[in-house]
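The structure under discussion appears below in the form of structure tokens.
Rule-based calculations on the coordinates, nothing more; no lab input. Note that the structure is predicted; figures quoted are calculated from it, not measured. Ideal geometry is used to build each Cβ from the backbone, glycine not excepted, and the neighbour counts take in all protein chains shown.
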Amino acid sequence: MKASRFQSQDHIDTGRRQFLKLSAATGAGLTLGLNLTTRASAQAADSPALQFNAFVNISPDNTVNVYIKHLEMGQGVYTGLATCVAEELDAAWSQVKCEHAPVDTEKYANLFMGQQATGGSTAIANSFTQMRQAGATARAMLVAAAAQRWGVPASEISVSEGQVSHGSHQASFGELAVEAAAQNAPAPEAVSLKDPADFTLIGREDLVRKDEGKQNGTAVYTQDVQLPGMLTAVVAHSPRFGGRVKSFDASKALQRNGVEQVFEIENGVAVLAKDYWTAIKGRELLEIEWDDSAAETRSSGTILSQYRELVDEPGIVAEREGDVASQLNQGDSVEAVFEFPYLAHAQMEPMNCVAKVDGQRAELWYGCQGATSDQMAIAQLLGGKIEDVKIHTVFAGGGFGRRANPFSDYVLEAVRVARGAQGKPVKLVWSREDDMQAGFYRPAFVHKLSAAVDDQGMPTAFQARLAGQSIMMGTNMESMSVVDGVDNASVEGLVHLPYQVPNRQVEVHNTQAGVPVQWWRSVGNTHTAFSKEVFIDSLARKAGQDPVEYRLSLLKHNPRETAVLKLAAEKAEWGSRKLPEGWGRGVAVHTSFGSTVAEIVDVSVQGTEFKVERVVAAVDCGIAVNPNIIRAQIEGGIAYGLSAALADEVTLTDGNVDQTNFHNYRVLRMNDMPEVEVHILPSGNAPSGVGEPGTPPVAPAVANALAAATGQTLTRLPLRLT
Amino acid sequence: MAYTLLINGESHELDVDGDMPLLWAVRDHLNYTGSKFGCGMAQCGACTMQIDGQATRTCVLTVAAAEGRNITTIEGLQSPQGQALQKAWVELQVPQCGYCQSGQIMSATALLEQNPSPSDADIDTAMSGNICRCGTYSRIKQGIKLAANAVRDNEGAA
Ligand code: FES
Ligand code: FES
């Protein structure tokens with residue numbers, strides 16, 4: 001344990017150097033050695049891995065190494081992508097190892113985004129075919145090598161569980177690796193893929209996860225990276241967003257034993273020391289005067305009251321169908337205003353990043369989520385070339401969106417600090433307080449929803465007006481998300497309403513605030529699902545109808561939401577299971593990231609206190625590559641959304657963030673965790689996302705359950721009974 | 001100042017300020033990085049180690065206060081309860097990101113060492129100081145029960 005876990009490229013051992021030489025031609029493999037378990041098992045010196053394609057290496061020792069182009073942050077992407085490769089390769093699951101691919105956009109782009117990046121619940125969806133093809137082409141090369149070796153037709157050779165065989169001939173992948181890697185690689189489209197009926201790994205419940213070492217402390221996160229001569233840095237940031245250093249005095253800090261350097265960077269003052277504690281102590285001794293002339297000095301209450309005024313006015317039209325205005329002016333109408341606070345991601349591992357800068361060259365080690373954009377931003381900052389920025393990706397201690405920052409905030413901060421550290425590697429560490437107060441929150445929003453209903457209580461018109469900050473405008477994602485002044489990330493979930501309403505209009509006000517905002521697990525759906533699903537329940541109540549039946553009657557043309565909602569209702573025994581006195585039950589269904597999730601929630605209420613007792617979820621996410629991980633993601637998505645429903649809230653007073661740590665930014669704990677049951681709808685469709693879609697339905701389902709129990713319709717998060 | 005820390009049965013000399021929390025001494029100076037930093041103020045449990053058999057938040061326990069006591073980190077977890085928990089964690093696929101899990105297992109170990117058959121309420125009480133933002137709480141609870149059964153079965157057999 002005491003050996004340095006990470007070695008910079010200047011310190012590689014001989015075996016590793018050989019390995020690097022072998023794989024240098026392809027550029028892959030540079031991350032080997034980053035992960036202890038991999039390093040131990042790959043035995044690079046005696047058993048160099050042979051490159052089959054950008055995603056697959058096979059070693060003579062029979063290890064199949066899969067390069068994972070997405071960040072493993074708990075969502076199970078190591079296991080999921082490796083399953084797709086191993087399925088078509090016909091590998092034995094036990095011989096498969098994973099490691100993060102290097103940052104190389106050409107080879108490892110997210111096929112939905114055109115850049116190397118993890119997000120939008122796309123990991124499996126964009127890689128499903130690509131990974132299967134990677135496995136199938138490698139398999140074809142193994143078969144070709146065996147055919148050559150045995151002098152038999154390739155078509156007669158079979159492969160199973162990592163063994164290639166023909167009649168009395170048999171060879172392991174490892175035995176064939178050298179000859180197979182020398183074969184011509186077929187074009188990915190040229191290989192045929194399995195019929196889903198023949199899957200042996202995809203769909204399995206019992207595959208051991210490949211992100212190993214999380215039960216014994218050996219899994220390596222950014223926080224654990226140790227490099228020879230490394231310093232730890234903390235940065236004093238402006239207490240207000242947009243504040244600047246006016247002047248500072250570092251003399252006391254520099255007197256503290258162990259503090260090595262103090263200097264100003266663009267967004268604060270960096271303190272570098274031999275360890276984290278010393279750096280923190282040094283930072284406490286800094287005297288800094290801040291220039292707040294460009295800072296946000298409003299309170300969140302002021303910001304939200306401005307939003308409440310805005311939603312009374314027409315905004316930019318995001319969607320228009322039929323004629324809403326005339327309908328709203330005649331018949332019976334319903335109206336509600338919803339309010340959503342800023343939210344911090346509060347992932348367990350506060351942001352951090354290890355960087356070593358040498359002129360225009362940089363080498364970084366961290367849980368890298370926005371790979372291409374981080375790499376470009378670093379190269380631009382240093383005035384160097386993309387190829388001069390080397391990124392080693394390690395596990396992330398959660399992310400929920402935070403690690404892919406549109407401005408590479410924490411990454412560039414680390415590079416700026418490392419640039420001042422005279423070539424020494426630097427581990428930038430944010431304290432929990434730094435992390436909580438650094439912004440890039442889920443934006444605060446206000447929605448005003450209005451509907452006109454006919455004499456059956458069915459909606460004839462639906463209008464939504466939203467006010468909040470756009471996440472994508474001004475970022476390099478703008479062109480993907482913003483059309484004619486409308487950021488899809490603001491309105492997704494309310495446009496293209498699944499419910500059949502003939503006249504619809506969605507409008508948005510893009511507000512300006514100095515509070516930086518960012519995607520937060522399920523992005524716009526974090527708020528749109530809430531207003532939509534609470535509002536539809538209000539309409540059902542007004543119509544005197546059962547909320548599930550009411551939804552189903554509006555979903556007749558939508559077989560997918562219908563099937564998912566029916567499955568959840570059946571499993572939860574909606575309408576037939578009797579609830580104890582004082583309990584309520586609520587439902588919500590929502591489609592995001594290509595997947596549909598319905599959740600049915602039971603709450604118990606005592607006075608103004610309540611507890612979420614049980615959640616039954618149903619999900620349609622296409623082919624279930626790994627049902628166990630899908631369930632885990634839905635469970636986790638529910639817990640994350642429930643945390644926001646019950647407690648999470650960032651507030652500002654005169655521009656200062658009020659929350660600092662988990663004592664005043666309350667998150668879900670075990671005693672609040674309900675029983676959760678997840679049911680997966682069988683499907684033959686291409687896989688869609690599961691990391692995020694579990695989150696949106698839970699808060700509205702809880703609100704609807706509370707309404708059923710108490711008659712109070714709650715329209716503000718977090719939920720508070722009165 | 002020089003301190004001697006007894007970690008996982010091994011004695012370590014180190015020269016740090018006595019007010020340094022044990023977590024940072026262990027992580028930054030002794031390179032046992034299995035214990036994690038999550039909050040620094042005894043709110044999240046990520047830094048949990050056993051001190052003389054008690055689950056302890058080491059982000060607020062100073063090196064000076066830890067000297068002379070028996071410190072166990074996730075790396076040195078050897079009790080039957082600890083090992084059964086680690087096995088259950090893999091079997092039930094408890095960890096997602098995994099960052100909280102060293103702390104979860106250390107807290108759960110202390111629980112099972114003191115209470116071989118914890119009820120749901122006992123588990124909630126013992127574990128509510130450990131935050132998991134990935135929301136693995138249900139599986140943690142199942143894992144503790146599975147491990148408790150395994151330890152009892154084993155003792156029954158022995
Ligand atoms: S880091 Fe010690 S309790 Fe959070
Ligand atoms: S597994 Fe990620 S915080 Fe618990």
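Find, among the chymotrypsin sites (Phe, Trp or Tyr not before Pro) in the stretch A:536-607, those assigned to loop by DSSP (not H, G, I, E, B) with at most 16 other beta-carbon atoms within 10 angstrom.
none
Here the relative contact order of chain A, from alpha carbon pairs under 8 Å that lie six or more residues apart, stands at 13 percent. Computed from backbone phi, the HN-Hα couplings of the stretch B:57-66 come to 7, 8, 6, 10, 9, 6, 4, 4, 6, 8 Hz, rounded to whole numbers (Karplus: 6.51 cos²θ - 1.76 cosθ + 1.60, θ = phi - 60°; Gly and Pro given as x). Rg over Rh for the stretch A:31-198 works out to 0.96, using Cα positions for both radii and the Kirkwood form for Rh. Proximity of backbone amide H atoms, modeled 1.01 Å from N, is registered between A:Asp291 and A:Arg244, A:Val245, A:Lys246 at under 5 Å, excluding neighbours fewer than 5 places apart on the same chain.
Of A:Lys214/B:Lys36; B:Lys36/B:Lys87; A:Lys356/A:Lys385; A:Lys274/A:Lys424; A:Lys274/A:Lys390; A:Lys356/A:Lys424, which pairs sit farther than 18 Å apart, going by alpha carbon to alpha carbon? B:Lys36/B:Lys87; A:Lys274/A:Lys390, as the Cα separations exceed 18 Å there. In the stretch B:80-157, the convex hull through the Cα atoms has an average projected area of 4.4 nm², a quarter of its surface area. By DSSP, the beta bridges lying fully in chain A are antiparallel in about 75 percent of cases. Take every pair of alpha-carbon atoms less than 8 Å apart whose residues are at least six positions apart; their mean separation over the length of the stretch B:2-76 yields a relative contact order of 39 percent. Can you run phi through the Karplus equation (6.51, -1.76, 1.60; θ = phi - 60°) for the stretch A:681-696 and list ³J(HN,Hα) in whole Hz, with x for Gly and Pro? Using θ = phi - 60°, the values come out as 6, x, 8, x, 7, 4, x, 10, x, 9, x, 9, x, x, 6, x Hz. Test of the criteria: in the stretch A:364-443, which trypsin sites (Lys or Arg not before Pro) are in a DSSP loop and have at most 13 other Cβ atoms within 10 angstrom of their Cβ? In loop regions of the stretch A:364-443 (DSSP not H, G, I, E or B), the sparsely surrounded trypsin sites (Lys or Arg not before Pro) are A:Lys385.
The translational diffusion coefficient of the stretch A:366-462, from Stokes-Einstein at 10 °C and 1.306 mPa s with a Kirkwood hydrodynamic radius over alpha carbon pairs, comes to 95 µm²/s. Could you tell me how far the Cα centroid of the stretch A:408-483 sits from the Cα centroid of the stretch A:518-556, in Å? Each part reduced to its Cα centre gives a spacing of 23 Å. Once R0 is set to 45 Å, what does the formula 1/(1 + (r/R0)^6) return for the Cβ-Cβ distance between A:Ala325 and A:Phe199, expressed as a FRET efficiency to the nearest 0.05? Plugging the Cβ-Cβ distance into 1/(1 + (r/R0)^6) gives 0.30. Measuring max minus min along each principal axis, the C-alpha atoms of the stretch A:429-499 give extents of 60, 29, 18 Å (largest first). When Rg is the radius of gyration of the Cα atoms in the stretch B:2-76 and Rh is its Kirkwood radius, what does Rg/Rh come to? Reported Rg/Rh (Cα atoms, Kirkwood Rh): 0.91. I need the calculated FRET efficiency for the pair A:Val178 and A:Asn476, taking r as the beta carbon distance and R₀ as 35 Å, to the nearest 0.05. Efficiency computed from Cβ-Cβ geometry: 0.25. Cross-link reach is defined here as a Cα-Cα straight distance under 22 Å, omitting same-chain residues fewer than 8 places apart; for A:Lys578 the lysines meeting it are A:Lys566, A:Lys611.
Under a 5 Å amide H cut-off, with hydrogens placed 1.01 Å from N, A:Ile68 pairs with A:Glu99, A:His100, A:Ala101 among residues at least 5 apart or on other chains. In the frame of its principal axes, chain B has Cα extents of 47, 37, 23 Å, reported largest first.
Each of A:Glu313 and A:Glu609 was given a label point 7 Å from its Cα along the Cα-to-Cβ line. The distance between the two points is 4.5 nm. Mean separation of Cα pairs under 8 Å and 6 or more residues apart, divided by the residue count, gives chain B a relative contact order of 23 percent.
Using 0.36 nm per residue and subtracting the Cα-Cα separation, the extra length available between A:Glu675 and A:Thr722 on full extension is 14.4 nm. The phi torsions of the stretch A:652-659, fed into the Karplus equation with coefficients 6.51, -1.76 and 1.60 and a -60° offset, translate into couplings of 10, 10, 6, x, 8, 5, 6, 8 Hz, rounded to whole numbers, with Gly and Pro shown as x. Per residue, the convex hull spanned by the alpha carbons of the stretch A:216-285 comes to 120 Å³. P(r) for the protein assembly as shown, from all Cα pairs and a bin width of 20 Å, is 15, 46, 33, 6, 0 %, short bins first. Estimated from the Cβ-Cβ distance and a Förster radius of 45 angstrom, the FRET efficiency linking B:Thr125 and A:Val152 is about 0.10. What the Kirkwood sum gives for the stretch A:192-237 is a hydrodynamic radius of 15.5 Å, with every pair of different alpha carbons counted.
Cross-link partners for A:Lys571 among the aspartates and glutamates, with Cα-Cα distance under 15 Å and sequence neighbours closer than 8 places in the same chain left out: A:Glu599, A:Asp602, A:Asp620, A:Glu675, A:Glu677. Annotation: amide H of A:His392 within the under-5 Å range of A:Leu364, A:Trp365, A:Tyr366, sequence separation 5 or more or interchain, hydrogens built in the peptide plane. Using the rule -39500 (n - 2.57) for each DSSP H run of four or more residues, divided by the residues of chain A, the 222 nm mean residue ellipticity is -9000 deg cm²/dmol. Modelled spin labels at B:Arg69 and A:Lys556, positioned 7 Å past Cα toward Cβ, are 6.9 nm from each other.
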